[in-house]
Structures are given as structure tokens and as C-alpha cells.
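These notes are about the structure you will find just below.
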Amino acid sequence: MSLPTRRRRRDDPTQRLVQQITSCWRTQTLLTAVQLELPDRLATGPGDVQQLADACQCSSDGLHRLLRALCTLQVCRERRDGRFELTASGGALCRRPPDGGVSLRAMVIWWGGPMWPMWGELSYSVCSGRSARARQTGLSNYAFLGQQPEVAAQFHQAMQVMTALIAPEVARLDLWRDAHELIDVGGGNGVLACAVAAAHPHLTVTVLDRADAEPGAAALINHHALAGRVSFVAGDFFAAVPAGADCYLLKSILHNWDDAACGRILATVRQAAPPAGQLLLVERVRPARLRPSSHDEALARTDLNMLAGLGGRERSLAEFAALLGPAGFEITAVSPTSHEFSVIVARRVD
Ligand SMILES: C[S@@+](CC[C@H](N)C(=O)[O-])C[C@H]1O[C@@H](n2cnc3c(N)ncnc32)[C@H](O)[C@@H]1O
């Protein structure tokens, strides 16, 4: 016997709010799936609940309920024979997605793990304007990663995922044709540096980042067999960046910092850049007003993430121009990419 279904209003505001209020369940459901390696297990073929439960060493009832929940999130679907199979979107949670796309696994581990306690203290950040993570860890900005190599690796892997999503678009930009040497300032694991270098064999690239990014960067550079043209240098972008390159790239750097710190980073870049040097910012550009859309929701999420995590912020184009002007740069072009990012091109003004 099937249950009668009630017709729902198309956009019921109460229903929407209930979903928003309870939306934390999704992050932890995805995290549990990834921790149990369910996407990878299902990537080899449909799975039987008891066999999966035995392989994961967990309760078959609990696992059955998790799999049903994952069906509602479109990670897997239940077949007529009662077994569960991975969907195409669920494949993105595998270590190596079957379709060859970017694995979002590291992002799930970061958001469901080290980021989780921070959001519980968002109200502290909103009321004080200070970083909740700094309050929780007793360490400001990136110092907390320096103390915990495992968490640092998780962070760099999660950043690598987000950046890999747009790296092909950035690598396709026309401006690389005329460039010779690129410094990826705060380039993390070097995913963008590797994508640009792989697409433009005439370029040499240096990734400058904190020492905790080095193991991941070395592995990625070797993986892409780019050791001859891409190198990693450990350093502090508040102190100095390698001089004389014709292109300086800062992806998701300025949004980590308040205006004063951004001014200090831009000053070191300005000091290093030759007169014809170009500055590229890859950042989210905040519209003047945020509206209910998935694009603006992502802006709001990352703006609050910056507030609670690092005391940074997402900026409008006018705010970027106001940061760049006093540092001796002016914006010459802006090209939007997917995933809410834009490439802001600036040149030195003397
Ligand atoms: C949000 S991540 C962006 C990473 C990379 N650009 C990307 O988008 O994938 C910020 C990066 O800045 C680096 N960073 C933070 N403080 C730094 C400093 N003082 N000197 C050099 N790098 C720093 C972090 O280690 C991290 O890799």
C-alpha cells in the first residue's frame, strides 16, 4: 500500500526556513559517508547493506539509514533489488572521481571537521568583530596551522579542491601568453601554479607560501612532472616576495585579511614587481546588495567564514580598487569565472 502524498506549495517559506535551521545535518551526513569511504566503496558497483556494514565495521541498521539519507542528497540511489548505487554527483566524493573531475572529498573533511566548532561561535565574531577561531585556538590567523601539521594538510587539501574547480578557466586566460615568470603569492599546494604552468610551457612559476604548504606542493609539482618549471619557496608575504617577475598572482589571499594587512601584503608585492609587472587577484567580488540566490549565498557564506576564521572579508570591486590605489596599482580588467570568482587584473602605476 502506498501512502497518499500531500501537495506542497511550490515555495513554502516555513518549509524553507525549517530546512535552513536544520541544514547542519547535511554536512555531517556527507562527512560520515566520506569517513566510511562509502563513495569509494560504491564506485566499484552497487552495494548490499549488510556487506557494506561488514566492510565499514558498523551497524547495518545505522548504515542503512545513512544510505537512505544519502539518497535524498543525491549521493546514491536505492535500486529495486535493495542495493545502493553511486550517482554521478556522488562520484565527486570519491578520492578519484570516476568521471575524472575534481574530488570534493577534502572539502567535506575540512568543513565537517576543523571548521565545525568555529561556526558554533559565529555570534561571538559578529558581536565582537573578532575571529572565533583565534578565540578557540588562542592563535591568530594562520599560526594555528603551524602547530598542527595534520590540520594544515587538511586545510591545504580543501583549498586545493576549491581552486582546482576554477584552475582550468584561469589557465585559459589570454594574459599568460605574454608572461614569462609568475609568482603565486600564498599559492598553497600550488594547484593553480601547476595548471597555469602545464597550459603554458614557456612560463616558470614560483609558489610562495608558509612552510606547512610545502609537502603538499612538492607532491603536486612532482605528480605533474613540473619540477623543472614550478618551484616552491617557503616565506612570509608580509616580509618579501621574489622580485622581478612580470606577473604576481594572489588567489584567495586578500579576503583572509583586514584592510591594513592587505595594504602590507600589497606593499611587498609592489616593491617586488617591475614597472611593467602585472598583479592578478582571484577573489570573489561582493555585489553591493546580496539577494537570495546560490551565487550570493556563497558570497555570504565565505564572508562570514572569513569573519569567524581569520578576521578577513569579501569585498566589492570599489573596495578592491580602494585597497589597490594607495598600494600603487590600478584595476585594468575584471573577468568573472565560475564558482563566484573573478580575476581582477591590475597594473603598476608610478
Ligand atoms: C585561502 S589560502 C589560498 C591558497 C591558494 N592561493 C589557493 O587559492 O588555493 C591562503 C594561503 O595563504 C597562505 N599564507 C598565510 N599567511 C601567509 C604568509 N604570512 N606568508 C605566505 N603565505 C601565507 C596560507 O598558507 C594559504 O596557503
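Before moving on, here are some points about what is shown:
- Taking a sphere under 12 Å around the Cβ of S23 and counting the other residues whose Cβ falls inside, with K and R at +1 and D and E at -1, yields a net charge of +2.
- Just the protein heavy atoms count here, and of the accessible area of the chain at 1.4 Å, carbon and sulfur take up 52 percent.
- Rolled with a 1.4 Å probe across the full set of protein chains, the surface gives E37 an accessible area near 50 Å².
- When the alpha-carbon atoms of the chain are used, the pair Rg, Dmax equals 22.2, 78 angstrom.
- Largest to smallest in accessible area, the residues T27, T268 fall in the order T27, T268 (1.4 Å probe, all protein chains included).
- Cα gyration tensor shape for the stretch 24-101, rounded if a/c is under 1.5, else prolate or oblate: rounded
- Surface accessible to a 1.4 Å probe, per residue, for the residues of the chain, Å²: 51
- With both residues required to sit in the chain, DSSP beta bridges show an antiparallel share near 50%.
- Residue-averaged 222 nm ellipticity for the chain, from DSSP H runs of 4+ at -39500 (n - 2.57), nearest 500: -13500 deg cm²/dmol
- Charged side chains reduced to their Cβ positions (Lys and Arg at +1, Asp and Glu at -1) give the chain a dipole of some 1180 debye around its Cα centre.
- Helical segments meeting 27 Å axial Cα length and Kyte-Doolittle -1.0 threshold in the chain (DSSP H): 149-171
- Shape category assigned to the stretch 185-242 from the gyration tensor of Cα positions, a/c cut at 1.5: oblate
- Pairs of C-alpha atoms in the stretch 155-348 farther apart than 26 Å represent 26 percent of all such pairs.
- Phi angles of the stretch 89-102 translate, via the Karplus equation with coefficients 6.51, -1.76, 1.60 and θ = phi - 60°, into HN-Hα couplings of 5, x, x, 5, 8, 6, 4, 10, x, x, 8, x, x, 6 Hz per residue; Gly and Pro are given as x.
- Coupling constants for the stretch 241-248 follow from the phi torsions by the Karplus curve (6.51 cos²θ - 1.76 cosθ + 1.60, θ = phi - 60°), and in residue order they are 10, x, 8, x, 7, 8, 9, 10 Hz; glycine and proline get x.
The values are calculated or read from the model by the stated rules, or taken from the named source; none is laboratory data. Source: prediction; values computed, not measured. Positions of Cβ are generated from backbone atoms using ideal geometry, with glycine treated the same way; all protein chains shown enter the neighbour counts. What goes into the accessible areas is simple: the full protein's heavy atoms, side chains included, and nothing from ligands, DNA or RNA. Shrake-Rupley method; radii C 1.70, N 1.55, O 1.52, S 1.80 Å.
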